[in-house]
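Here's the structure, in structure tokens; my notes come after.
The values are calculated or read from the model by the stated rules, or taken from the named source; none is laboratory data. Since this is a predicted model, take the numbers as computed values, not measurements. So basically every Cβ, Gly included, is an ideal-geometry build from the backbone, and we count neighbours across all protein chains shown.
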Amino acid sequence: MSAAHSAWLDPGPWLEVSAASDANKVNAAILCERPGVAELAVLLSPAAGKYLDLMAHRAQLITRRHFGKTISLYAPLYVSNHCASGCLYCGFASDRDVPRRRLQKDELLAEILALKQKGLEEVLLLTGERSDKADFGYLLDCVSAASAHFSSVTVESFSMTEGEYAQLGQAGCTGITLYQETYDPAVYRKMHRWGFKRDYAWRLDAPARALSAGLRTAGVGVLLGLADPVADLLCLFRHIQYLRKTFWQAGILVSFPRICPQNGGYPPSQPVQDDLLAQIIFAFRICLPDVPLVLSTREKPHFRDGIAGIGISRMSVASKTTVGGYSRAGDGAAQDGQGQFDVMDPRSVEEFCEALRKKGLCPVLKNWDAAFQPPRFS
Amino acid sequence: MNSGMSKGINSAWKLGNHAFESRLLIGTGKFSSVEIMVAAVRASGAQLVTVALRRFNRERPSDDLYGPLSGLPGVTIVPNTSGARNAEEAVRAALLGRELSGSPFVKLEIHPNPHHLMPDPIETFEAARELVKEGFLVLPYMPADPVLAKRLEEIGCAAVMPLGSAIGSGHGLRTREMLEIIIRDSNVPVIVDAGLRSPSEASLAMEMGCEAVLVNSAIAAADNPPAMAAAFAMAVRAGYAAREAGLMSKSDNAVPTSPLTAFLKEETP
Amino acid sequence: MRLTVNGEPHNHTGDKTIEALLKEIGADPRRVVVMINGDVVCREARASVRLEDGDIVEVLAFAGGG
């Protein structure tokens, strides 16, 4: 994709479409049978912001068609917060004074068992950016360990080569999550002060490398608040269109991470309020009817409960964003304030599942397993 | 080629490195005579004309299409493999066709059942793989299956030709839903083939996003084939022009019942 | 020489070249393609091919077909 980046990802024309939206265009976009980037531009406009409930109804109808009345659940598992990069907005940036650790084999096993006890079957392993203290080899070991226990193991970690992704796949990794954070190159440069993550193009092509290597899924997204959300989201949509066309057997997922205040954290330059976040989710559901849309525990309980099934089809639950947070294998009392982000929905798996059932939604803890694949001997 | 319509609009499309203006392909079967067929081809403005390969018959020298068609300006003869029942036969037919036509195009068509004439997906895939290796620009006739379309694209076919409905049935775009998926996901031209009965259906196929359409039975079986061919040509240009002009969206008004967004007004507990 | 041409027995009386055979059956060499024993004979090779007793020859032309 490298050479075509700037043309493909230029949101300029679509921002103009967005600015020219009016009630009629919004109505047409909501009902469009085959929406594309033009419809997304309209649905992300301030004009569409007046029609949230209309959008919500359409989003719910579409979500029900493709996902039924189910919400798939997963848990994030931070295996290391070592980091050599300097991302301005992140609690783990290498110039932040936080205790650094990575899970040892037995600690990892304890975390895994704690999650399994809660009934979870799908796990997302997270690390900081590439660092000597938690390198590719370490991540590979973690994936091997986790895939012996979980039906789905995905990773949210540093950008890797196609060869590295292939190795992860062989070890049992089914997919990656990797956010471009922002598609605006100037903001991107400012945010990523040092380290490997500073390379915009290398990161941009990472989901494509992962899918080329044969991983099944790629989760993408932008960090809402860093730059103009509409411009970033239009670029994200174009990126998704490219990935879907190029990797026709792959599953794409979209997340909506929003910068929230954090201990001594980064104040977003263009904060996204609740109404706009809801509008964004509805717009993406309308324009990507068959793509799972993911919401984490960064968001508050009433927002999560409200939007489950109306656009959102997948959610994390009972999350700990500290290393060793599940089994208390970590630093004890020092944990809760030093995660990658603050967990705003602390409910347990049972509590959250109960809340979903009250809404007429069925929580799904396991969607896929490797039973039909040839056995992998360790 | 008729009216001065669409001059100046760059509406060419490509198969491999070959560019074409006309988006109507025409087949040469079922015509009542070679003269009428040639007149229809001329009236259609088609630049890609599919022909079959048959044993030379000295009793019927006028059956031979090579002479009549190679005299038409701008026409590229595309041999098809119709008659082949499996990949091996289709490959042989393609090699024969290329030797005679001198062009790299082949319409790959394998229908083992002579009644419904549905294309064999497995033999077609095998033949396509072989023919791409041999340097052909393969245009495979296929069931309207989105996965098969990507597989054929992946192995190097120059286009995909999903059927609209069974050959000769005139049932139009029965496979519309599948065609939409194929069109959305394809990186090669999508040419709808088979089953079109009327010019409006050809127009619709173009509005949907097809790169081109192939019509045979609907023209050959019309009362006046050359006039029908001209009508199809106009319809294909109209459908394409409409798509480029940006169709107005369908719109009703959606009326919600109970509000779903009350949660946005809730206070944080 | 006894050949099978287009599925029928054919007694070939001319010399062993393809050109002679085509002339015998009334086919214009520019408008047909020839296959011998399952192998396509390309135009450049026609002059050098020699027919043999028992060969199965197919001579094909373009005809109407979708």
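Using the structure shown, decide if A:ALA110 is touching a residue at least 60 places away in the same chain (Cβ under 8 Å) and either assigned to a strand (DSSP E or B) or under 21 Å from the mean Cα position of the chain (by Cα) (or both).
Here the answer is no, as A:ALA110 does not meet what is asked.
Out of all the residues in the range A:229-257, which are basic (Lys, Arg), within 14 Å of another protein chain (Cβ to nearest Cβ) and in contact (Cβ under 8 Å) with a residue 24 or more places away in the chain?
Correct list: empty.
If you scan the range A:207-235, which residues turn out to be assigned to a helix (DSSP H, G or I) and farther than 20 Å from A:ALA41 by Cβ?
A:PRO207, A:ALA208, A:ARG209, A:ALA210, A:LEU211, A:SER212
Yes/no per residue for (1) in contact with a strand residue (DSSP E or B) (Cβ under 8 Å, 6 or more places away or on another chain); (2) modelled with pLDDT of 95 or more; (3) among the hydroxyl-bearing types (Ser, Thr, Tyr):
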residue: B:ALA43; (1), (2), (3): no, yes, no
residue: B:THR50; (1), (2), (3): yes, yes, yes
residue: B:GLU59; (1), (2), (3): no, no, no
residue: B:LEU95; (1), (2), (3): yes, yes, no
residue: B:PRO104; (1), (2), (3): yes, yes, no
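Conditions: (1) surrounded by 17 or more Cβ atoms within 10 Å (Cβ to Cβ); (2) out of contact with any strand residue (DSSP E or B) (no Cβ under 7 Å at 6 or more places or on another chain); (3) basic (Lys, Arg). A:ARG193 meets all but one. Number of the miss?
Failed condition: (1).
Would you tally the residues in the range A:14-35 being facing another protein chain (nearest Cβ under 9 Å) and closer than 12 Å to A:ALA283 by Cβ?
Summing the residues that are facing another protein chain (nearest Cβ under 9 Å) and closer than 12 Å to A:ALA283 by Cβ in the range A:14-35 gives 3.
Hey, can you tell me all the residues within the range B:55-82 that are in a loop (DSSP other than H, G, I, E, B), of a type in the set (Phe, Trp, Tyr) and under 23 Å from the mean Cα position of the chain (by Cα)?
None - no residue of the range B:55-82 is in a loop (DSSP other than H, G, I, E, B), of a type in the set (Phe, Trp, Tyr) and under 23 Å from the mean Cα position of the chain (by Cα), so the list stays empty.
Given the condition part of a loop (DSSP other than H, G, I, E, B), over 17 Å from B:LEU131 (Cα atoms) and more than 8 Å from every other protein chain (Cβ to nearest Cβ), answer yes or no: does some residue in the range B:46-54 qualify?
yes
Matching residues to (1) buried (at least 17 other Cβ atoms within 10 Å of the Cβ); (2) part of a helix (DSSP H, G or I):
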residue: A:LEU52; (1), (2): yes, yes
residue: A:LEU61; (1), (2): no, yes
residue: A:ILE71; (1), (2): yes, no
residue: A:PHE92; (1), (2): yes, no
residue: A:ARG100; (1), (2): yes, no
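If you scan the range B:234-269, which residues turn out to be at pLDDT 90 or above and either touching a Leu at 6+ places or on another chain (Cβ under 7 Å) or within 14 Å of chain A (Cβ to nearest Cβ) (or both)?
B:VAL236, B:GLY239, B:ARG243
Which numbered condition trips up B:ARG151, out of (1) over 13 Å from the mean Cα position of the chain (by Cα); (2) surrounded by 24 or more Cβ atoms within 10 Å (Cβ to Cβ)?
So B:ARG151 meets the others, but not (2).
Scan (1) in contact (Cβ under 8 Å) with a residue 60 or more places away in the chain; (2) surrounded by fewer than 21 Cβ atoms within 10 Å (Cβ to Cβ) for the single condition A:TYR188 breaks and write down its number.
Exception for A:TYR188: condition (1).
So which of A:ARG244, A:ARG203, A:ARG209 is of a type in the set (D, E, K, R) and out of contact with any Ser or Thr (no Cβ under 9 Å at 6 or more places or on another chain)?
Sole residue among the options that is of a type in the set (D, E, K, R) and out of contact with any Ser or Thr (no Cβ under 9 Å at 6 or more places or on another chain): A:ARG244.
Do the conditions hold for A:LEU120, that is, is it closer than 20 Å to A:PRO76 by Cα, touching a residue at least 60 places away in the same chain (Cβ under 8 Å) and assigned to a helix (DSSP H, G or I)?
Here the answer is no, as A:LEU120 does not meet what is asked.
Scan (1) within 13 Å of chain C (Cβ to nearest Cβ); (2) of a type outside the set (Val, Ile, Thr); (3) farther than 23 Å from C:LEU21 by Cβ for the single condition B:GLY74 breaks and write down its number.
(1)
For the range B:211-233, state whether one or more residues are surrounded by fewer than 19 Cβ atoms within 10 Å (Cβ to Cβ), under 29 Å from A:PRO35 (Cβ atoms), charged (D, E, K, R) and at pLDDT 95 or above.
no
Does B:PRO79 meet the test of being touching an Asp or Glu at 6+ places or on another chain (Cβ under 9 Å) and in contact (Cβ under 8 Å) with a residue 12 or more places away in the chain?
It is false that B:PRO79 is touching an Asp or Glu at 6+ places or on another chain (Cβ under 9 Å) and in contact (Cβ under 8 Å) with a residue 12 or more places away in the chain.
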